[in-house]
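The structure appears below as structure tokens.
The values are calculated or read from the model by the stated rules, or taken from the named source; none is laboratory data. The model shown is predicted, which means the values in this text are computed figures rather than measured ones. Positions of Cβ are backbone-derived with ideal geometry, glycine not excepted, and every protein chain shown enters the neighbour counts.
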Amino acid sequence: MSTPKLTPIVLPPLGDSTDEMRIVRWLKAEGDVVRKGDPLFEVETDKTTLQVEAYAAGMLAEIRIGDDQTARVGETVGWIEEHA
């Protein structure tokens with residue numbers, strides 16, 4: 001049996017001047033199946049609220065930074081366990 005591949009969910013840059021954002025809420029829960037392109041969570045910048053999509057498919061293995069918490073651009077906010 002092979003070891004599952006863990007892919008980090010990284011907070012992407014969403015604007016030139018934004019280096020941290022508040023995660024408003026996760027749209028998926030730990031253990032949920034995730035498809036590439038599924039909306040994972042909403043973030044709030046100083047100008048708007050946006051959805052961040054999954055760029056890997058599998059299962060949402062861990063949420064490291066939860067609802068109503070702030071994260072820096074490039075920070076790992078969760079993990080997706082990819083299945084072969």
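Show the residue pairs that are 6+ apart or on different chains and have beta-carbon atoms under 8 Å apart, the first residue being within the stretch 1-30 and over 30 Å from H83 (Cα atoms), the second being among the acidic types (D, E) and in a loop (DSSP other than H, G, I, E, B). Close Cβ pairs (under 8 Å, with a partner that is among the acidic types (D, E) and in a loop (DSSP other than H, G, I, E, B)) amount to T18/D46. When the stretch 1-25 is filtered for residues that are assigned to a strand (DSSP E or B), more than 15 Å from R72 (Cβ to Cβ) and of a type outside the set (S, T, N, Q), the ones remaining, listed by number, are K5, L6, V24, R25. Every test in (1) surrounded by fewer than 16 Cβ atoms within 10 Å (Cβ to Cβ); (2) in contact (Cβ under 8 Å) with a residue 24 or more places away in the chain; (3) on the phi > 0 side of the Ramachandran plot; (4) not hydroxyl-bearing (S, T, Y) is passed by E75 save one, and that test is (3).
For A71, indicate whether it is closer than 19 Å to G15 by Cα, among the hydrophobic types (A, V, I, L, M, F, W, C) and under 11 Å from the mean Cα position of the chain (by Cα). Yes; evaluated as a whole, the condition is true for this residue.
Taking the stated definitions as given, is K28 more than 12 Å from I9 (Cβ to Cβ), of a type outside the set (G, A, S) and assigned to a loop (DSSP other than H, G, I, E, B)? No. Residues of the stretch 31-49 that are in contact (Cβ under 8 Å) with a residue 24 or more places away in the chain and loosely packed, with under 12 Cβ neighbours inside 10 Å: G31, V33, D46, K47.
Give the residue that is modelled with the lowest pLDDT, with candidates limited to residues of the stretch 42-68 that are among the aliphatic types (A, V, I, L, M), over 11 Å from I9 (Cβ atoms) and over 10 Å from the mean Cα position of the chain (by Cα). The extreme case among them is L50.
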